[in-house]
Amino acid sequence: MRIMGLDLGSRRIGIAIGDSITGFAFPSDVIFRKDEKADISAILSQIKKNQIGQLVIGMPISMNGKKGQQAEATLQFIDLLKKQSTIDIQTWDERLTTVEANRRLREAGSGKIQKGIEDAVAASILLQAFLDSQRSYAL
């Protein structure tokens, strides 16, 4: 099954695509946010285009393990998405994924990082962690 990971930011949504059979996730795209209706439409379009069977959305949990204002906004966005789609939606702790994405891009010698690419890389990091947890659970 193909799975899409989303890193919801206030200005951009990073997208990653993964596969439950291969267990690999890759950065895919970035949606530049406009408004909730346009954002959801763009996500639904990506789901259809990539034949996605499951969605994993990063949950912004604070370093002390609590859900703050950003987590509440994410949950509200998920509720809106569920009203427009029947796709299975899971959440995954996204702590430090953007920091890790920037570190990886610097180490890869990407030079000037294209705006938004770190969001797609962060989405792939959280989706890879989700896929890894599913694989270890199945063993």
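The values are calculated or read from the model by the stated rules, or taken from the named source; none is laboratory data. Here the structure is a predicted model, which is why all the values come from computation and not from measurement. Positions of Cβ are backbone-derived with ideal geometry, glycine not excepted, and every protein chain shown enters the neighbour counts.
Selection within the stretch 1-29: residues that are modelled with pLDDT of 95 or more and either β-branched (V, I, T) or touching a Cys at 6+ places or on another chain (Cβ under 6 Å) (or both). The member of this set that is nearest to L75 (Cα to Cα) is I13. Note on the stretch 11-38: among residues that are surrounded by fewer than 18 Cβ atoms within 10 Å (Cβ to Cβ) and not charged (D, E, K, R), the one that is nearest to A123 (Cα to Cα) is F26. Contact map, the stretch 110-139: first residue modelled with pLDDT under 75, second residue not in a loop (DSSP other than H, G, I, E, B), Cβ cut-off under 6 Å, separation 6 or more or different chains; pairs are I113/L105; G116/R12; G116/V30. The residue that is surrounded by the fewest Cβ atoms within 10 Å (Cβ to Cβ), counting only those in the stretch 53-87 that are small (G, A, S) and not in a loop (DSSP other than H, G, I, E, B), is A73.
Residues in the stretch 1-10 that are exposed (fewer than 13 other Cβ atoms within 10 Å of the Cβ) and in contact with a Ser or Thr (Cβ under 7 Å, 6 or more places away or on another chain): M1 alone. Only one of (1) over 17 Å from A16 (Cα atoms); (2) among the small types (G, A, S); (3) at pLDDT below 80 fails for S85. Which number is that? Just one mismatch for S85, condition (3). Of all the criteria given as (1) modelled with pLDDT of 95 or more; (2) under 18 Å from W92 (Cβ atoms), the one not satisfied by F32 is (2).
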